[in-house]
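See below for the structure under consideration.
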């Protein structure tokens with residue numbers, strides 16, 4: 001029954017099909033790719049790797065504040081989804097971008113995990129030194 | 001590739017994606033000051049778009065749809081917890097915390 005409710009959307013890539021929006025994208029054909037969810041979704045997913053990267057570079061998130069559970073899960077999904085996005089239909093520019101951005105996501109959060117683990121190790125070493 | 005294989009990998013991907021809402025629901029127990037509002041809002045908006053994406057593709061991935069609905073709920077609850085914490089705590093205490101972390105770094 002739930003599937004029947006979603007019939008309107010299955011296999012339908014156009015996000016907004018109201019005549020006003022469609023007319024706008026007809027006038028601006030260079031922006032028309034934004035109305036396709038297979039193109040917009042990878043664009044949104046890039047923010048998931050840009051945010052940790054910017055936090056790494058500006059140093060606004062020191063390693064003790066990294067949420068390691070979240071980093072683990074995002075790294076795992078990134079690596080599985082790189083493969084999955086090469087299997088699905090349709091195979092257009094959007095899905096190829098999705099593969100690229102998932103790879104980037106796995107790398108970003110992998111390095112975040114490494115940073116946190118290194119920090120924990122250093123702290124333990126400092127503690128043992130203090131005890132001696 | 002056969003459709004069965006694609007569907008199986010899709011199920012695997014959705015199962016891996018389930019770790020995101022679970023991780024954030026585990027974090028609900030922790031102190032509200034550990035929540036990163038920027039990452040939480042990006043995760044929430046990403047979930048919104050991917051709910052639509054998961055059924056636009058062929059074959060449609062209903063597991064992923066459910067997973068992203070759960071993630072949306074988890075992220076919104078985290079965000080509201082952070083907002084409540086920000087509203088109820090005065091900024092004086094926050095400054096004290098920042099100073100103490102700076103001192104730790106110097107040591």
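Read the figures in this text as sums done on the coordinates, not as results from a lab. Since the structure is predicted, the reported quantities are computational estimates derived from the model, not experimental observations. Every residue, glycine among them, receives a Cβ derived from its backbone with ideal geometry; neighbour counts consider all protein chains shown.
In the protein assembly as shown, helices alone account for a calculated mean residue ellipticity at 222 nm of -25000 deg cm²/dmol, with every DSSP H run of four or more residues adding -39,500 (n - 2.57).
Given contacts defined as C-alpha pairs under 8 Å and at least six residues apart, what's the relative contact order of the stretch A:8-131, whole-number percent? RCO, the stretch A:8-131: 27 percent.
Computed extension gain for residue A:34 through residue A:60, at 0.36 nm per residue and net of the alpha carbon distance, reaches 6.2 nm. Taking only the alpha carbons of the stretch B:1-95, we obtain Rg and Dmax values of 16.6, 61 Å in that order. Inter-chain neighbour count for A:44-51: the average number of beta-carbon atoms from partner chains within 10 Å of each residue's beta-carbon is 4. So if the hydrodynamic radius of chain A is defined as the Kirkwood radius over C-alpha pairs, what does Stokes-Einstein give as its diffusion coefficient at 4 °C and 1.567 mPa s, in µm² per second? Approximately 73 µm²/s, per Stokes-Einstein. Run the paramagnetic zone check for residue B:29: 7 angstrom along Cα to Cβ, then residues of the stretch A:48-79 with backbone nitrogen under 20 Å. Within reach of a label on residue B:29: A:65-74.
Within the protein assembly as shown, the ratio Rg/Rh, alpha carbon atoms throughout and Rh by Kirkwood, equals 1.04. Quick check: Cα centre of the stretch A:83-103 to Cα centre of the stretch B:31-48, how many Å? Here the answer is 25 Å between Cα centres.
Can you list the residues of the stretch B:39-56 with backbone N under 18 Å from a point 7 Å past the Cα of residue B:69, pointing along Cα to Cβ? Within reach of a label on residue B:69, which here means backbone N under 18 Å from a point 7 Å along Cα→Cβ, the stretch B:39-56 contributes B:44-56.
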